[in-house]
Amino acid sequence: MAYHLEFKNITKTFPGVKALDKISFGVNTGSIHGLVGENGAGKSTLLHTLSGALTPNQGEILIENKTMKFSNTKDALNAGIAVIYQELNLVPEMTVAENLMIGNYPNKNGFVDKKKLKEKALKQIKMLMENFNPKTKVKDLSIAQKQMIEIGKALMQDAKIIAFDEPTSSLSDREIKHLFEIIEKLKEDGKAIIYVSHRMEEIFQICDSCTVFRDGKHIETFRDMEKVTHDLIVKKMVGRELNDIYGYEERDKGEEIFHIENIRGKGVKRNIDLTVHEGEVVGIFGLVGAGRTELFKLIYGLEKIEAGRVEVRGEEVSLENPKESIRNKVCLLPEDRKDEGIIGIRSVSENINISSRRHHLRYNFFLNKQAEKETTDEFIENLDIKTPSRDQLAVNLSGGNQQKVILSRWLSEDIDVFLMDEPTRGIDVGAKYEIYKIMYNLAADGKGILFVSSDLPEVMGVSDRVVVMRSGEIIGSLNREEFTEEKILSMALPVS
Amino acid sequence: AQDVKIGFLVKQPEEAWFQDEWRFAEEAADDYGFELVKIGGTDGEKVLSAIDNLASQGAQGFIICTPDVKLGPAIKAKADMNGLKVMSVDDRFVGSDGEPMEEVPHMGISAYDIGQLVGETLVEQMNKRDWDYEEVGYLVMTFDQLPTITERTQGATDVLMENGFPEDQVFESPMQTLDTEGSFNAANFALTKHADFDKWIVAGGNDSSVIGAIRALEGQGFGAENVIGIGINGSNFVVNEFEKEEETGFYASVKLSARRHGYETAELMYKWIKNGEEPPKVTWTTGQIMTRDNYKELE
Amino acid sequence: MTETTKSRIKNLYNNYTIILIFITMFVLLSIFVPYFFTWRNMVGLALSVVTIGLIANTMMFALASGDFDLSVSSTVAFSGITTAVVINSTGSVWIGIITGLLAGVLVGVINGFSIAKLGLNALITTLATQMIFRGMAFILSNGRAVGISTAGFFKLGNSMILGIPTPIIIMVISFIIFGILLNNTVFGKNTLAIGGNTKAAELAGINVDLTKIIIFSAQGFMAGFAGVILASRMTSGQPNAAQGLELDVISACVLGGVSLNGGIATISGVVVGVLIMGMISNALNLLNVATFYQYVVRGSVLLIAIYLDILKQRSK
Amino acid sequence: MTETTKSRIKNLYNNYTIILIFITMFVLLSIFVPYFFTWRNMVGLALSVVTIGLIANTMMFALASGDFDLSVSSTVAFSGITTAVVINSTGSVWIGIITGLLAGVLVGVINGFSIAKLGLNALITTLATQMIFRGMAFILSNGRAVGISTAGFFKLGNSMILGIPTPIIIMVISFIIFGILLNNTVFGKNTLAIGGNTKAAELAGINVDLTKIIIFSAQGFMAGFAGVILASRMTSGQPNAAQGLELDVISACVLGGVSLNGGIATISGVVVGVLIMGMISNALNLLNVATFYQYVVRGSVLLIAIYLDILKQRSK
Ligand SMILES: Nc1ncnc2c1ncn2[C@@H]1O[C@H](COP(=O)(O)OP(=O)(O)OP(=O)(O)O)[C@@H](O)[C@H]1O
Ligand SMILES: Nc1ncnc2c1ncn2[C@@H]1O[C@H](COP(=O)(O)OP(=O)(O)OP(=O)(O)O)[C@@H](O)[C@H]1O
Ligand SMILES: O[C@@H]1[C@@H](O)[C@@H](O)CO[C@H]1O
Ligand SMILES: [Mg+2]
Ligand SMILES: [Mg+2]
């Protein structure tokens, strides 16, 4: 049987990495084809070859049995291919409307037709079920909103083949629901759709077929989702059995380790009292814009605190800036990995040692390069970071592996309180499982963990206690034995 | 009657020479009670806007040392358009036909003549010291980017050749910048290539382009007894050299009369405006050799 | 005051601080500096920024696309000399002007091609072409100004239209054209997109290389044009002309809010930036401030202007 | 050849193309240019790059942290003048030198504070301080070279150590110190991290503002130091010294692989960049190339060098 879109023996190598190894599979029109695999399995790389952003070393892409040659993205766009990339590719200083139609402005003889631009933008925004002003600058939007623009931009192309690379990793439930409605409609319109996600339930919810990658190789394509189970796919992805991915472990609660009281500041209004004990994993749940990220930024010293106090191990500390916070053994894993987490053009090793290197200086001044190497190698090994070498530039790692690098940064020094903002965003099941294990181990060592997640099952699966935020305030807190999905949601949803 | 206001535009306001001209012009302003407006015009465009600026503030005339003599017609036209009297100082305007613009009064020094004075003094000193020309290397610190400088160095070189100085001992050393460091580096190349001379003479377009070469020579162990360097302008550099306890290879400088160029031009312009007395078409001033012995009197 | 008026004023304030700074400066200078606010001086002021102004148009595009151009100063000299030499040898004003403009475009094409196609660093490339074409100007002219004998050529720079010198009219028209180009055309939007996020622009199918080559060629053209006008005003081509001009032009743009990192530019900002630079020099000369102190004052005013401009971003 | 040796050579080639370009140039010049490879010329060459070399050290840090410094040229002049004036008025060489260095640091602190704390644009800020301190140098010296009468001061610039002029020794030591600072200290790594991603560096606990202030102060110090040495070599402080130097220094750094966007720098690259710049001038002069053609050749060599360097990135 011939497919609308077909990959044949696609191979792509980077220095030291075989990102794709003879990948072959096909996608039908009017269907949604899932693509799953661990971080670094090669999913995004495949989509880059599809969009003409990368040229494969070998193999070919066929549309309707015709071999396509894309030497740049323009060729692919002209062939009716639209890709929503995993990373945002927006121009922050330009407006929503301009971003939606970038590279493709309605014009008369080169003059932009501003009226038409606005009309088309409004139509598209409506289609996305959003309600922002087309004249808003993209830099003023939240991540979720930016993601929706990214999606809208690709859909403006009116393509026949549409690929989504982890579109939901920064969306809230509301937007996810909208997105799925849109995708279903595209399917009805006869588009061929590729859908990449680490969220297994999504794959089952919307996909008609699905392909599993591991280490750049095609493992298996399932043509009928009715006939596969969640566990089977996970097994194919990670190469081993993984039953309960949360693997929650009971722990003893120790002394109070972190306490905040009456914190107020940008985006955080009132009732912010919160205590974390040694050995405790506390999840913070809330809808987008609830102020969770801003709360973390306040207590980490990135934004100015207007009022309130912070205590670490019973002592009041002033967390004026991140440096102070780290000295007081509080660290933050930022939500925005690319812009706030990694230093892309520096190596894995430098990214890991950036803060902890001060603990093993020679003569209190010179770097101890041997120690830094050892630290790096230890974490590459322990956290299973996929990188050809410790000198690889961080920007070349897959998203999940970048997250592990940032985690290693803090694990390599003695930190008591971990603030983790969406620590598993964009991370594969296997790695998620490992990150949960790291969280439990840290807790078992007597550390305190405060983590934000928009993934309700995850929050419930991992936390000892869940704190719910809504529009800048803490609504309440529920212990593990008390919480249910309904209770948490009812606290998080706006009161009408 | 309206107060007299006179502009004084110079091409290199940072240079000591022009500072002096300005200072002396200021004296004339005090003596005669007119207002002097000093503006730097480092290139053609700046000069043209400076003239506009003068016109705006109601000046009646200006004196100018132009950054390029070929700007003459443009400056003259601009002045006429604005109803300003104009007089050139130091460097004389050249018309589009390549001839000096007689219609603009001028007080100046002939660059080539000054250079010749440098050459004559070098010859005189070599003879006085009984130097054998065959043992002497001649460093000419050239700077082709500025025509006046080229004329000066050419003047010096021509005199030497006329007096039988061997042509193959003339070492042109092009400077990349017209300051001491530029001169230092340029001289070093010549010294590297011609390490076999016992004695050196140095000429350049101004004082700083000779001083750098003197420093480079000192670096190779040449001092007052086997170097004769002669600069132009008689600026502070020279005074500093002469005030050093030990003699250096910097023997002399051609002292130009900044007083005459500054004071007299301003005076002439004032009288022209006030009484309608036209200045003489051209006045040539001369340079004087300034050495350790006479520098105090010449100040 | 209604809410919207308030917010409109606030918006105006936020986006146009530099314009407000300009207006304030202008009013203060008009009041306190004698002769400043006279017709004659206004014309003189405008004439004094013609070269910077013409080139700032395209420099704005170069900066907006995330690049840099240091070669403009030499281009002005090179095309001025070329024009002069060609007019003198052919006797034709038109052939001279066209050759001069082509000389400018040549520099621009070399820059654009090297930067876009060969991927060379813009700073070094344009510094290199700055040297090369300053050298060419010297070689062509043998280091001396080249006087032009065909008087017809001087009209371009010295005639008047409705009592306003032609160069000023040309500058104003150029601001309008490039303003429209930036705000109302696909080309302008693409330029801003490239500067704002090159990768996003590329992925969206914008021909980044071609856009850059066009920008640099236009830059060369405008610098060449400025060179021709300057030669006409000075009735000669000058090999030493416009030295150091590139930093003045870039400063004017940055002062006008153009981001050195690309992606942000407005024509109104650039116009105001150019005017502020010219106004400072003008007022200092009218006030007869001594040359040495002019350096200090000009530097300080520049500092204060960007400081006031940053305050707005704080207040946001 | 074993695999590892091969890959090592390949690695060497990839990371150090500019060094290979330098070595090739050096060998060719030694063979073909008379007097080039002589002891005397080597010393002359090294001396000619002392000022650029000293300042390139800290410029490398400024660029690595993502900033820019145009004020160094004026700092050289300002501190040279200050030293001369103070030595003449106090009679003490030491007080003079220290005041000169402090003058340099003053400029650096002003730059650093304005950029880090007030958040001003680095290009405009340092262009403004460039003007201000050039003006200060003129004012302090009244526009004239300030001769120094205390002969003891001349030792710094004119003495020899083991047959090598002291300034060269100082430059070499400075390369070693700043090389170690960049590669082997937290400060160096923090600088690169800030240039790589300022926000991420801040979140990782780096005090960004302080680091920047230190970098600019060090820059001021080194420019001041270069000014003091220059004054000693020339036996006077000169108000118009070092004009245009800033672009030479930045070019040397960029040629040596320092990224203008920050985050990437190596000391070996910078050393080689400085030497290439010096070598080109040196060889052209030895070859007696006419001044005007030197501009063209220097520009072209610069272009070719960065082109060869980019070829490696293509081959990767
Ligand atoms: N530009 C590059 N240079 C070097 N290696 C790269 C580059 N881009 C990707 N890689 C490597 O190729 C492999 C595949 O990466 P890819 O981004 O396709 O993974 P992915 O399946 O999308 O992972 P994730 O789920 O984390 O997004 C990884 O090992 C990655 O480190
Ligand atoms: N509906 C909205 N419209 C405009 N801006 C919003 C909206 N929701 C959130 N924001 C902005 O986006 C940012 C999101 O807030 P914050 O990140 O603190 O929320 P969060 O609870 O962490 O949500 P997220 O899941 O996005 O991380 C804030 O700056 C907020 O002002
Ligand atoms: O440039 C020179 C200047 O240095 C002074 O000597 C006077 O004449 C000018 O031509
Ligand atoms: Mg991916
Ligand atoms: Mg958040």
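The values are calculated or read from the model by the stated rules, or taken from the named source; none is laboratory data. The shown structure was predicted, so the numbers you read here are calculated from the model rather than taken from an experiment. Every residue, glycine as well, gets a Cβ built from its backbone with ideal geometry; the counts of neighbours run over all protein chains shown. Ligands, DNA and RNA are excluded from the accessible area calculation, which covers all protein heavy atoms including side chains. Shrake-Rupley method; radii C 1.70, N 1.55, O 1.52, S 1.80 Å.
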Which listed residue is without any contact (Cβ under 8 Å) to a residue 12 or more places away in the chain and of a type in the set (Ser, Thr, Tyr), from A:Tyr440, A:Tyr436, A:Tyr363: A:Tyr363
Residue list for the stretch B:78-91, filter: in a loop (DSSP other than H, G, I, E, B) and surrounded by fewer than 21 Cβ atoms within 10 Å (Cβ to Cβ): B:Asn82, B:Gly83, B:Leu84
Residue match in the stretch A:75-86 (condition: charged (D, E, K, R) and under 27 Å from the mean Cα position of the chain (by Cα)): no
Failed item, numbered, when D:Ile264 is tested on (1) at the interface with another protein chain (Cβ under 7 Å from one of its Cβ atoms); (2) part of a helix (DSSP H, G or I): (2)
Residue within the stretch B:85-107 that is more than 14 Å from chain C (Cβ to nearest Cβ) and of a type in the set (Ser, Thr, Tyr) present: yes
Residue in the stretch B:101-118 that is open to solvent by 10 Å² or more (accessible area, probe 1.4 Å), among the polar types (S, T, N, Q) and at pLDDT 95 or above present: yes
Some residue of the stretch A:330-344 being modelled with pLDDT of 90 or more, over 30 Å from D:Val258 (Cβ atoms) and away from ligand 5 (no atom under 16 Å from the Cβ): yes
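One line per residue, one yes/no per condition, for (1) part of a loop (DSSP other than H, G, I, E, B); (2) closer than 18 Å to A:Val405 by Cβ; (3) in contact with a His (Cβ under 9 Å, 6 or more places away or on another chain); (4) without any contact (Cβ under 8 Å) to a residue 60 or more places away in the chain:
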site	(1), (2), (3), (4)
A:Ala290	yes, no, no, no
A:Leu298	no, no, no, yes
A:Glu303	yes, no, no, yes
A:Val310	no, no, yes, yes
A:Glu320	yes, no, no, yes
A:Glu335	yes, yes, no, no
A:Asn351	no, yes, no, yes
Condition broken by A:Lys12, with the remaining ones in (1) charged (D, E, K, R); (2) within 16 Å of ligand 4 (Cβ to nearest atom); (3) part of a loop (DSSP other than H, G, I, E, B) satisfied: (3)
Exclusive hit being facing chain D (nearest Cβ under 7 Å) and either more than 16 Å from D:Val301 (Cβ to Cβ) or among the β-branched types (Val, Ile, Thr) (or both), set C:Ile97, C:Ile132, C:Ile110: C:Ile132
Residue match in the stretch A:271-285 (condition: within 16 Å of ligand 5 (Cβ to nearest atom), at pLDDT below 95 and open to solvent by 20 Å² or more (accessible area, probe 1.4 Å)): no
Extreme residue, nearest to ligand 2 (Cβ to nearest atom), among residues of the stretch A:152-167 that are assigned to a loop (DSSP other than H, G, I, E, B), surrounded by fewer than 22 Cβ atoms within 10 Å (Cβ to Cβ) and of a type outside the set (Asp, Glu): A:Met156
Test for A:Lys177: is it without any contact (Cβ under 8 Å) to a residue 24 or more places away in the chain, open to solvent by 10 Å² or more (accessible area, probe 1.4 Å) and more than 16 Å from ligand 4 (Cβ to nearest atom): yes
Strands (runs of 3 or more DSSP E) (entirely within the stretch B:217-299) containing at least 1 residues that are of a type in the set (Phe, Trp, Tyr) and free of Cβ contacts under 8 Å to residues at least 60 places away in the same chain: B:250-255
Residues of the stretch A:423-466 satisfying the condition of being of a type in the set (Phe, Trp, Tyr) and away from ligand 5 (no atom under 14 Å from the Cβ): A:Tyr433, A:Tyr436, A:Tyr440
Cβ pairs under 8 Å, 6+ apart, first in the stretch A:28-53 and within 17 Å of A:Ile81 (Cα to Cα) and of a type in the set (Gly, Ala, Ser), second within 8 Å of ligand 4 (Cβ to nearest atom) and open to solvent by 10 Å² or more (accessible area, probe 1.4 Å): A:Ser44/A:Gln86; A:Ser44/A:Ser398
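For every residue, the table says whether it meets (1) buried (at least 23 other Cβ atoms within 10 Å of the Cβ); (2) away from every other protein chain (no Cβ under 14 Å); (3) polar (S, T, N, Q); (4) within 16 Å of ligand 1 (Cβ to nearest atom).
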site	(1), (2), (3), (4)
A:Ala394	yes, no, no, yes
A:Gln403	yes, no, yes, yes
A:Ser412	no, no, yes, no
A:Ile427	yes, yes, no, yes
A:Ile438	no, yes, no, no
A:Ala443	yes, yes, no, no
A:Ile449	yes, yes, no, no
A:Gly461	no, yes, no, no
A:Val468	yes, yes, no, no
Residue selected from the stretch A:145-170 under the condition over 15 Å from A:Asn99 (Cα atoms) and at pLDDT below 90, by the criterion farthest from the other protein chains (Cβ to nearest Cβ): A:Ser169
Filter result (out of contact with any strand residue (DSSP E or B) (no Cβ under 6 Å at 6 or more places or on another chain) and within 16 Å of ligand 5 (Cβ to nearest atom)) within the stretch A:300-323: A:Leu302
Selected residue (only one of B:Lys38, B:Lys46 is assigned to a strand (DSSP E or B), closer than 29 Å to C:Ile164 by Cα and free of Cβ contacts under 8 Å to residues at least 40 places away in the same chain): B:Lys38
Exclusive hit being within 24 Å of D:Val208 (Cα to Cα) and either open to solvent by 70 Å² or more (accessible area, probe 1.4 Å) or within 16 Å of ligand 1 (Cβ to nearest atom) (or both), set A:Ile326, A:Ile342, A:Ile354: A:Ile342
Test: D:Ala84 is of a type in the set (Gly, Ala, Ser), at pLDDT 95 or above and over 17 Å from D:Gly220 (Cβ atoms): yes
Condition check for A:Ala19: within 11 Å of ligand 1 (Cβ to nearest atom) and part of a loop (DSSP other than H, G, I, E, B): no
Residue that is most open to solvent (accessible area, probe 1.4 Å) [pool: residues in the stretch A:39-80 that are on the phi > 0 side of the Ramachandran plot and within 12 Å of ligand 1 (Cβ to nearest atom)]: A:Gly40
Helices (runs of 4 or more DSSP H) contained in the stretch C:149-205 and holding at least 3 residues within 11 Å of another protein chain (Cβ to nearest Cβ): C:166-184, C:186-196, C:198-203
Residue check for A:Phe258: open to solvent by less than 60 Å² (accessible area, probe 1.4 Å), farther than 28 Å from A:Leu62 by Cα and aromatic (Phe, Trp, Tyr): yes
Candidate set from the stretch A:129-151 (those that are of a type in the set (A, V, I, L, M) and assigned to a loop (DSSP other than H, G, I, E, B)); member that is least open to solvent (accessible area, probe 1.4 Å): A:Leu141
